[in-house]
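First the structure, in the form of structure tokens, and then the observations on it.
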Amino acid sequence: MRVRTSLALLSASFVVLLAATGALMSLTFRIMGEQTSLAAHSDLIVRDTFELNILTYEYLMHREARMREQWKRKYRSLGNVLHDMERRPLSTEVAARMEEIDVEYRALGRSFSQLMEIFTRRASLTAGGGNTAEIEVSRDLEKRVTAQALMASQRIALEAFAASALIENSMSRTRRKANAIMLACVIGFGAFSSVFSFVLVRAIMRPVRDLTEGARIIGGGNLAHRVRIRTKNELGELAAAFNDMSERRQRGEEELRRLNEMKSRFLSTVSHEFRTPLTIIRSYGDIMAKKRMGGLTEDQREMLLAMVRHTDYLTSMVENILDLAKIDAGGMQPSMGTVDLNEPVQDSISRLSSLASGKHIALKVDIPATVPDVLADEEFLHPILDNLVSNAIKFTPEKGTITVRARTAEDRVQVDVEDTGIGIPPEHLSNVFDEFRRVPGKQELRTRGGGLGLAIVKRLVEEQGGSVWAKSEVGKGSTFSFTLAPASRQEA
């Protein structure tokens, strides 16, 4: 089955279950809301009944007009609440209780109306001088009606409390059912989500994980690795395309390795062939320039000195090419040991001091006593420092400053060669360590170099387990930095 079809079916099932769960939970919440509203009205009935009961006692005791008006307002309020309750869906037991409350409510109203008539008639008899027998009959009737009113008020209160208890019990049962329904929904949704996730992982994530792992293995250098093709869908096609790409890359890497070996052998052979003639030309030129073979004119001497300089430049390029070829071929392996940075730094400064003094450039060293020894090959450190310092001298104007610093950076020792030179444009900073790379510009025309010094620095630093980088700002100078492990790591 295609991935798109599988995803569509799984998504549709997920949506249906989600909709059903939502509808069920929505119904549950609606029932809970109705129960909550019913309980609120029940509480209103209990409150109004309690207050009406108190007002009934107070009015029958004091018979004040103010209390009568309060009783009437509370009686109407209770009637409104009872009327609202009648329109709500009620259980059989609660409906029966509400009917009893309604009966007693109407009985209380009739008793109260009858009492008002009795009070009015007796007041009229008393004012008109009525006989004593009629007044006594009126008082007996008042007592019976008062007793009926009090009994009706009490029964309303009792029925209201009973109805409230029934509603509360119903709410508790509904709440338990709702919790059970929600728990079932959560469990069902969680179970389906787990199954959904499992199926999704098996259908999609496993091939994707295989591709990710394959990319990691191939990226680590194992170009012979191939991804297992588990399905015939889009992911299977992707895995097949990935394997085809890996195979093409493997063939390309093998061809590139073969061409690189041919290049290294060619450069090594040519450099060896160039070394001896260049040495001879340099020696003869030096002898002739020093007038050991007869007198020379000044122009002839200048030409010979220029020949010696150019020969030295070519010899330096040949040596650099040979060094790179040896590093690529694995012929230069570091012999790691404890090295005090002060020694190779001072040696490099001494060797290049005459070159710096010719441009009136100040060479400074800043290596605090707290900087530990490094784990390195001292024979590797000499060309690293020579290349960095000579490069700084080459691109620093007269009366500039070059400082070699060392400091501890986290768990490494960092060496910085900082100059006040012309700087490197940002767009060229990332590739200054590439072979035969020179920053284009006017300074390139005024300085010699084959663009191999920094490439050698990078290879030698990395051979010792370090890293190298450069920071620069045009017009202010550059800082070339590399790191090495402290010697204490070897002891540990």
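The values are calculated or read from the model by the stated rules, or taken from the named source; none is laboratory data. What you are looking at is a predicted structure, and each value in this text was computed from that prediction instead of being measured. Reconstructed Cβ throughout: ideal geometry from the backbone, glycine too, with neighbour counts over all protein chains shown. Protein only, heavy atoms only, side chains kept; ligands, DNA and RNA dropped before computing areas. Shrake-Rupley method; radii C 1.70, N 1.55, O 1.52, S 1.80 Å.
Please enumerate, by chain and number, the aspartates and glutamates with C-alpha under 17 Å from the C-alpha of LYS399, excluding those fewer than 8 residues away in the same chain.
GLU418, ASP419
Kindly write out, for region 453-470 in residue order, the coupling ³J(HN,Hα) from the Karplus curve 6.51 cos²θ - 1.76 cosθ + 1.60 (θ = phi - 60°), rounded to whole Hz, with x marking Gly and Pro.
For region 453-470, the Karplus curve yields x, 5, 5, 5, 4, 4, 5, 5, 5, 5, 4, 9, x, x, 9, 9, 7, 9 Hz.
Sort GLU58, GLU427 by accessible area with a 1.4 Å probe, largest first.
GLU427, GLU58
At R0 = 45 Å, how high is the FRET efficiency between ASP434 and SER194 if r is their beta carbon distance? Nearest 0.05 is fine.
Calculated transfer efficiency: 0.25.
Compute the distance in nm between two label points, each set 7 Å from the Cα along the Cα-to-Cβ direction, one at ASP366 and one at ILE217.
With each label placed 7 Å out from Cα toward Cβ, I get 5.1 nm.
Find how much the distance from THR479 to VAL103 grows on full extension, using 0.36 nm per residue of separation minus their present alpha carbon separation; answer in nm with one decimal.
Separation in residues times 0.36 nm, less the Cα-Cα distance, equals 125.3 nm.
I need the phi-derived Karplus couplings for region 368-385: 6.51 cos²θ - 1.76 cosθ + 1.60, θ = phi - 60°, integer Hz, Gly and Pro marked x.
Computed from phi, the couplings for region 368-385 are x, 5, 7, 6, x, 5, 10, 9, 7, 9, 4, 5, 7, 5, 4, x, 4, 5 Hz.
Report the net charge of residues surrounding GLU136, where surrounding means a beta-carbon distance below 15 angstrom and charges are Lys +1, Arg +1, Asp -1, Glu -1.
+2
Which of the aspartates and glutamates could a cross-linker bridge to LYS143, judged by Cα under 16 Å and excluding same-chain residues fewer than eight apart?
Cα-Cα hits under 16 Å: GLU58, GLU117, GLU134.
Under a crude label model (7 Å from the Cα following the beta-carbon direction), how far is ILE54 from GLN333 in nanometres?
10.1 nm
Taking amide H positions as placed in the peptide plane 1.01 Å from N, state which residues far from SER467 in sequence (5 or more) or on other chains have amide H under 5 Å from it.
Residues meeting the criterion, in which the H sits 1.01 Å from N, are THR483.
Order MET151, MET67, most accessible first, counting only protein heavy atoms with a 1.4 angstrom probe.
MET151, MET67
If each of ASP244 and ARG173 carries a label point 7 Å out from its Cα toward its Cβ, how far apart are those two points in nm?
Placing both labels 7 Å along Cα→Cβ, they lie 7.0 nm apart.
Run the numbers on region 32-155 and let me know its relative contact order in percent, using alpha-carbon pairs under 8 Å that are six or more apart.
Reported relative contact order: 31 percent.
Return the aspartates and glutamates within reach of LYS458: Cα separation strictly under 16 angstrom, same-chain partners fewer than 8 residues apart disregarded; answer none if there are no such residues.
The reachable aspartates and glutamates, counting only those whose Cα sits under 16 Å from LYS458, are ASP323, ASP328, ASP377, GLU378, GLU379, ASP386, ASP416, ASP434, GLU435.
Rounded, prolate or oblate: which one fits region 89-183, using the alpha carbon gyration tensor with axes a ≥ b ≥ c (rounded when a/c is under 1.5, else prolate when a/b beats b/c, else oblate)?
Prolate shape, in that a/c is at least 1.5 and a/b is the bigger ratio.
Could you please put LEU381, LEU305 in sequence from largest to smallest accessible area, using a 1.4 Å probe?
Descending order: LEU305, LEU381.
Please list 345-356, 243-254 highest first by mean number of surrounding beta-carbon atoms within 10 Å per residue.
Averaged packing, sorted descending, gives the order 345-356, 243-254.
Give me the extension gain from MET151 to GLU237: residue separation times 0.36 nm, minus the current Cα-Cα distance, reported in nm with one decimal.
22.1 nm
For THR120 and HIS83, what does the FRET efficiency come to when R0 = 25 Å and r is the distance between their Cβ atoms, rounded to the nearest 0.05?
Result of the calculation: an efficiency of 0.30.
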